[in-house]
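Below is one structure; the comments refer to it alone.
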Amino acid sequence: MLLTRRAHKAISQWLPNEIIAEIVQAAPRSDQASLCRVSKLFHDLCLPILYGVVDLEADASVADFGDIVLSNAALAGLVRSYSVDYPKAGMSMDAVTSFSPILVDSSKAFVRLEALSISYMLLTATDLENLFRWTFPHLVRCSLGMHTASSHWSDTEQRHTFASFLIRHPGLENLYIQLGPHSLERSSGVVRIPLLRLQQLRCPSRILSSIVAPGIKQVELYWDDSGLDEVDTIVLALKAMIPSDVPFICSNEACDKNLPAVVDSLSRNLPHTRTLRLCLYYSPMKEVIDHLKSCLPCFTGLAFLSVQYSSMVNSPREEEEQLNVLSDACPTLEACRLHHRAWRKVDGMWETYPLTDFDALAGLESWTL
């Protein structure tokens, strides 16, 4: 993007700063960086946009960015969202975790941070503990986890350090507890964590009994091999978090062994669920469809159903037959996904629907920080 001095004068004269900022926000990041050098006005407008949302991979850019913000508190204060993902290119674990100290130190410099997302695989246990002892006063969205095993923490220390971090952030609205905190799972019910503003939660299912959140609108649960009685306990804990008039979205991962118990308990205790997603690996599809056929009539307002499985691929004809079975069992369905195909009901008839649009239609795409 090239901007002459004359064009800059005309733009700044006729457009309010708010409109200019909207235009800059829509520009590529490379252009935003160039615009910072056009004039003092553009520098003041562009810099908060350029540093407001930072998405990095765990490579040299993490260290470079960390050095910049640690040496300039004013720039660090501009960061509102900080996300660091696992590198797409192959790297050894030692190379990945070599960025751990700078990740934590730079994160702690963001005094106005609202969203934080760092894979637990990028942090050593010591640095993760260091991060969990920090407080971000403005944090509303968080995606963090704990190591499965650690020589630095006992289970009790790990559990309470992480729980204390959550307790110090009562303004959280979106929380993703990444897979890994198995010690917290084993001790569910011991620690009570009040998160009264929480609306979206992704976590291992057993952690639900440790969280107090009366306004949940959407959950994604990762199920282990819990027994039938334990499934009911977890679903009842979930029920206590959901207002009865909320069009609830419930997503369930890796629930093969517990599929019958999970779906049965949800249908009995949360019949007003609007979106139901099941992600399976090994369950025979015929058994899945048969069980759904018996449970779906109990859902009073189910509009969107997604059944994803990775161990088998059915023919288009088989999937259309399965769709008809599910539709007969649940007349309220408006759209359905089976594996890699989706349909939407139009004037009472099922029509194929773009798979890329299904998650947005069903409310399943809003997990990003």
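Considering amide H positions built from the backbone, and no H for Pro or chain starts, which residues 5 or more places from SER251, or on another chain, come under 5 Å of its amide H?
Here the answer is VAL219, GLU220, LEU221, ARG277, since their amide H atoms fall under 5 Å of that of SER251.
Find the relative contact order for region 277-369 and round it to a whole percent, using C-alpha pairs within less than 8 Å whose residues are 6+ positions apart. Mind dumping the intermediate values first?
Values: 107 pairs, mean separation 23.4, N = 93.
Computed value for region 277-369: 25 percent relative contact order.
Assign unit charges at the C-beta atoms only (+1 for Lys and Arg, -1 for Asp and Glu), then state the dipole size of region 238-369 relative to its Cα centre in Debye, rounded to the nearest 20.
280
How many nm separate the modelled label positions at VAL111 and SER164, each set 7 Å beyond the Cα in the direction of the Cβ?
It is 2.4 nm.
Report the extension gain between SER310 and TYR282 in nm, rounded to one decimal, defined as 0.36 nm multiplied by the number of residues separating them, less their alpha carbon distance.
On the way: separation 28, 0.36 × 28 = 10.08 nm, distance 0.75 nm.
Fully extending the segment from SER310 to TYR282 adds 9.3 nm.
Within the set of other residues whose C-beta is less than 13 Å from the C-beta of TRP343, count the net charge using Lys and Arg as +1 and Asp and Glu as -1.
My count for the surroundings of TRP343 gives -2.
Taking the alpha-carbon centroid of each part, what is the distance from region 302-336 to region 348-363 in angstrom?
Using only Cα atoms to place each centre, the spacing works out to 12 Å.
I need the fraction of alpha carbon pairs in region 46-92 separated by more than 14 Å, rounded to a whole percent. The partial results should precede the final answer.
Working: 570 of 1081 pairs.
That tail contains 53 percent of the Cα-Cα pairs.
Pull up the cross-link candidates among the aspartates and glutamates for LYS88, meaning alpha carbon to alpha carbon under 20 Å and not fewer than 8 places away within one chain.
Of all the aspartates and glutamates, those that pass the test against LYS88 - Cα under 20 Å, at least 8 places apart if same chain - are ASP55, GLU57, ASP59, ASP64.
Using only the C-alpha atoms of region 238-369, find the volume of their convex hull and express it per residue in Å³.
Output value, Cα hull per residue: 114 Å³.
Taking a 22 Å limit on the Cα-Cα distance, which of the listed pairs LYS293/LYS345; LYS257/LYS286; LYS217/LYS293 fall beyond it?
Violating the 22 Å limit, Cα to Cα: LYS217/LYS293.
Sequence gap at least 6, Cα distance under 8 Å: using those rules, report the relative contact order of region 258-315 to the nearest whole percent. Each step should come with its number before you reach the end.
Numbers: 56 pairs, mean separation 28.9, N = 58.
Result for region 258-315 is 50 percent.
Calculate one ³J(HN,Hα) per residue across region 264-273 by plugging θ = phi - 60° into the Karplus curve 6.51 cos²θ - 1.76 cosθ + 1.60, and present them in order as whole Hz with x for glycine and proline.
Along region 264-273, the couplings run 5, 5, 4, 5, 7, 9, 10, x, 8, 3 Hz.
No lab work stands behind these numbers, since they all come straight from the coordinates. Source: prediction; values computed, not measured. With ideal geometry, Cβ positions are generated from the backbone for all residues, glycine too; neighbour counts draw on all protein chains shown.
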